[in-house]
Amino acid sequence: MLKDILIIGLTGMPGAGKTTVANYLSQKGIPLLIMGDVVREVAENEGLEPTSDNLAKLMLRLRKRNGPEAVAHLIVNKIKLMKKEDKQLRVVIVDGIRSMAEVRVLRRIGSVKLLAIHGSTLTRYTHVRERGRSDVPSNIGEFDKRDKIEMDVGISNAIALADETISNNDISISELCQRSFITIQNWIQESRL
């Protein structure tokens, strides 16, 4: 059992700024796991092109086959491997929490705090277009479709039940990162790990 680990889950709709925060925290020395990367790994292993549509269908298929917490189980395996390699590991960031079922799975192996990053639809769509990944929706209609898929898997509950929420509307990247880092530093101090 790994109960001596603090798992910081990042949640929010696509393009809200989760990955920006996750990368910043990683640069600060906190190990990072990305839920979407785990899905992309499965896609690669199955020979699927990592398009937005393919990844969304794969995510739904994994959840249908293995339950709403399917991706969290894959993340738990990665955390266990990290802990095996580094017995001193006390904190890990998990970017891309989409449901409370995933949070419950993570709570089986550690203490979990959930940080929601919020952004308006226009802010998020702009961010998604700027990051230029292979799964970028081609238009706002496709983006709305992706939002619906996210809401159908339970992300709204994860956002609503987060321990803290930071709005990424009308603030700088630096401010978003600083607010997130301060929140997480406080959680680490509270956990006394």
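Quick look at the numbers
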| quantity | calculated |
| --- | --- |
| Residue within segment 83-98 that is of a type outside the set (Phe, Trp, Tyr), in contact with a Ser or Thr (Cβ under 8 Å, 6 or more places away or on another chain), open to solvent by 10 Å² or more (accessible area, probe 1.4 Å) and modelled with pLDDT under 90 present | no |
| Selection from segment 110-128 of residues that are open to solvent by less than 10 Å² (accessible area, probe 1.4 Å) and over 16 Å from the mean Cα position of the chain (by Cα) | Gly110 |
| Of all residues in segment 53-68 being more than 15 Å from the chain's Cα centre (by Cα) and open to solvent by 30 Å² or more (accessible area, probe 1.4 Å), the one that is modelled with the lowest pLDDT | Asp53 |
| First in segment 67-86 and of a type in the set (Asp, Glu), second anywhere and open to solvent by less than 10 Å² (accessible area, probe 1.4 Å), Cβ under 7 Å, 6 or more apart | Glu69/Glu102; Glu69/Val105 |
| Verdict on Arg179 being open to solvent by 70 Å² or more (accessible area, probe 1.4 Å), touching a strand residue (DSSP E or B) at 6+ places or on another chain (Cβ under 9 Å) and of a type in the set (Lys, Arg) | yes |
| Single residue of segment 182-193 satisfying the filter (of a type in the set (A, V, I, L, M, F, W, C) and part of a helix (DSSP H, G or I)) that is most open to solvent (accessible area, probe 1.4 Å) | Ile182 |
| Where a residue in segment 12-41 is open to solvent by less than 20 Å² (accessible area, probe 1.4 Å) and its partner, wherever it lies, is β-branched (Val, Ile, Thr) and modelled with pLDDT under 90, with Cβ under 7 Å and at least six apart | Pro14/Val128; Gly15/Val128 |
| Residues (of a type outside the set (D, E, K, R) and surrounded by fewer than 19 Cβ atoms within 10 Å (Cβ to Cβ)) located in segment 155-167 | Ser156, Asn157, Ala160, Leu161, Thr165, Ser167 |
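This table checks each residue for (1) within 19 Å of Ala56 (Cα to Cα); (2) at pLDDT below 95.
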residue: Leu115; (1), (2): no, no
residue: Glu130; (1), (2): no, yes
residue: Asn139; (1), (2): yes, yes
residue: Lys145; (1), (2): yes, yes
residue: Asp152; (1), (2): yes, yes
residue: Asp163; (1), (2): no, no
residue: Ile166; (1), (2): no, no
residue: Cys177; (1), (2): no, no
residue: Glu190; (1), (2): no, yes
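The values are calculated or read from the model by the stated rules, or taken from the named source; none is laboratory data. Keep in mind it's a predicted model, so treat the numbers as computed, not measured. Reconstructed Cβ throughout: ideal geometry from the backbone, glycine too, with neighbour counts over all protein chains shown. These area figures cover heavy atoms from the full protein model, side chains too; ligands, DNA and RNA do not enter into them. Shrake-Rupley method; radii C 1.70, N 1.55, O 1.52, S 1.80 Å.
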